[in-house]
Amino acid sequence: MFALEYNHKLLSATVTGVYNEIIIDARLENGEAVAAFCGAPEIAEMCTAGTPLWLKRTSRGKRLVKYNISFVQTPEGLVFANPRYLRQLFQEAFDNSVLTDLKEYTRCTPLEHADTTLGTDFELTAPDGQKCFVFALPVYHKKDSQIVFPFAVNFFEMKMIEKMRQRRQKGAKTYIFMIAPREDCVAAKFIWNADAAGAAVLFEEAKNGLNFLCYGCKTTKNRIEIDRRLEIIY
């Protein structure tokens, strides 16, 4: 089974407060108070006072915030909280034939986020030349035993949806590939109440050919692997 090795030195810490949606105040085991960068607003919502964290110190000397949140320990389990590795996780899972829903495609090409490929992370190609474009998206929100989405649809994602529609008009297939970097979910559920306007857009696009997939992960502090397909409930 494929696994993404995460061999970084991690520092144990505890949340002391939430500064804003991207900055968390934390205290290291040695008592030092630090600020830590949060990769997504959804992660910040998990970080109530007292929540255990594992931080990675950045090697970028000029950054004012010297720490990134790598993992959050929730009551239900460990959550991988560094979306920087999302594309690598997808690429290596594809290369190792883990993504059974995409098995008809034999080549996976990562795309740069330039204007010509806005909102597209990967181009997949089948032996017959059929193209498929994938946007990889981390999903963190959980209710009961289900990942729930959409939490919020931002401007960038609206541009992605438009780009995906253009690609379908040219004959390609399109997927939003959601990765739940946690072990405590058995399904994914489409909801309306978190972002009704965004949900309406996504629901309409789904009726017109936009596909959704969601996969869960097995997560430890040094290995993350996509290990199961999650049914999506509409």
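The values are calculated or read from the model by the stated rules, or taken from the named source; none is laboratory data. The shown structure was predicted, so the numbers you read here are calculated from the model rather than taken from an experiment. Positions of Cβ are generated from backbone atoms using ideal geometry, with glycine treated the same way; all protein chains shown enter the neighbour counts.
Which numbered condition trips up residue 132, out of (1) assigned to a helix (DSSP H, G or I); (2) surrounded by 15 or more Cβ atoms within 10 Å (Cβ to Cβ)?
Among (1) assigned to a helix (DSSP H, G or I); (2) surrounded by 15 or more Cβ atoms within 10 Å (Cβ to Cβ), residue 132 violates only (1).
Residues checked against (1) within 22 Å of residue 8 (Cβ to Cβ); (2) among the β-branched types (Val, Ile, Thr); (3) at pLDDT 90 or above:
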{"residue": "68", "(1), (2), (3)": "yes, no, yes"}
{"residue": "93", "(1), (2), (3)": "yes, no, yes"}
{"residue": "103", "(1), (2), (3)": "no, no, yes"}
{"residue": "114", "(1), (2), (3)": "no, no, no"}
{"residue": "117", "(1), (2), (3)": "no, yes, no"}
{"residue": "125", "(1), (2), (3)": "no, yes, yes"}
{"residue": "130", "(1), (2), (3)": "no, no, yes"}
{"residue": "138", "(1), (2), (3)": "yes, no, yes"}
{"residue": "144", "(1), (2), (3)": "no, no, yes"}
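Is there a residue being at pLDDT below 90, out of contact with any strand residue (DSSP E or B) (no Cβ under 6 Å at 6 or more places or on another chain), under 15 Å from residue 181 (Cβ atoms) and of a type in the set (A, V, I, L, M, F, W, C) anywhere in the range 33-43?
Within the range 33-43, one or more residues are at pLDDT below 90, out of contact with any strand residue (DSSP E or B) (no Cβ under 6 Å at 6 or more places or on another chain), under 15 Å from residue 181 (Cβ atoms) and of a type in the set (A, V, I, L, M, F, W, C).
What residue, of 53, 64, 89, is in a loop (DSSP other than H, G, I, E, B), on the phi < 0 side of the Ramachandran plot and out of contact with any Asp or Glu (no Cβ under 7 Å at 6 or more places or on another chain)?
64
Among 112, 45, 104, which is the only one that is in the same structural domain as residue 166 (by TED's automatic domain parsing), farther than 23 Å from residue 225 by Cα and of a type outside the set (A, V, I, L, M, F, W, C)?
None of the other options fit; the residue is 112.
Could you list, ordered by first residue, the pairs with Cβ atoms under 6 Å in which the first is in the range 14-42 and assigned by TED's automatic domain parsing to the domain that holds residue 154 and the second is surrounded by 15 or more Cβ atoms within 10 Å (Cβ to Cβ) and of a type in the set (Val, Ile, Thr), at least 6 apart or interchain?
Note: no pairs meet the criteria.
Scan 112, 42 and give me the residue that is assigned to a helix (DSSP H, G or I) and acidic (Asp, Glu).
42
Would you mind finding the one in 169, 88 that is within 14 Å of the chain's Cα centre (by Cα), farther than 22 Å from residue 22 by Cα and in the same structural domain as residue 219 (by TED's automatic domain parsing)?
Exactly one residue qualifies, and that residue is 88.
Conditions tested, residue by residue: (1) outside any loop (DSSP other than H, G, I, E, B); (2) touching a His at 6+ places or on another chain (Cβ under 7 Å); (3) at pLDDT below 95; (4) crowded, with 17+ Cβ neighbours inside 10 Å.
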residue	(1), (2), (3), (4)
188	yes, no, no, yes
193	no, no, yes, no
197	yes, no, yes, no
204	yes, no, yes, no
226	yes, no, yes, yes
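Within the range 120-135, track down each residue that is over 17 Å from residue 97 (Cα atoms) and in contact (Cβ under 8 Å) with a residue 12 or more places away in the chain.
120, 121, 130, 131, 133, 135
Report every pair of residues separated by at least 6 positions or lying on different chains whose Cβ atoms are under 8 Å apart, first residue within the range 184-206 and in contact (Cβ under 8 Å) with a residue 60 or more places away in the chain, second part of a loop (DSSP other than H, G, I, E, B) and hydroxyl-bearing (Ser, Thr, Tyr).
Listed pairs, sorted by first residue: 184/145.
Check off (1) in a strand (DSSP E or B); (2) under 24 Å from residue 232 (Cα atoms); (3) without any contact (Cβ under 8 Å) to a residue 60 or more places away in the chain; (4) within 19 Å of the chain's Cα centre (by Cα) for residue 159 and give me the number that stays unchecked.
The failed condition is (1).
Let me confirm something: among 16, 100, 58, 106, which residue is within 23 Å of residue 183 (Cα to Cα) and of a type in the set (Ser, Thr, Tyr)?
100
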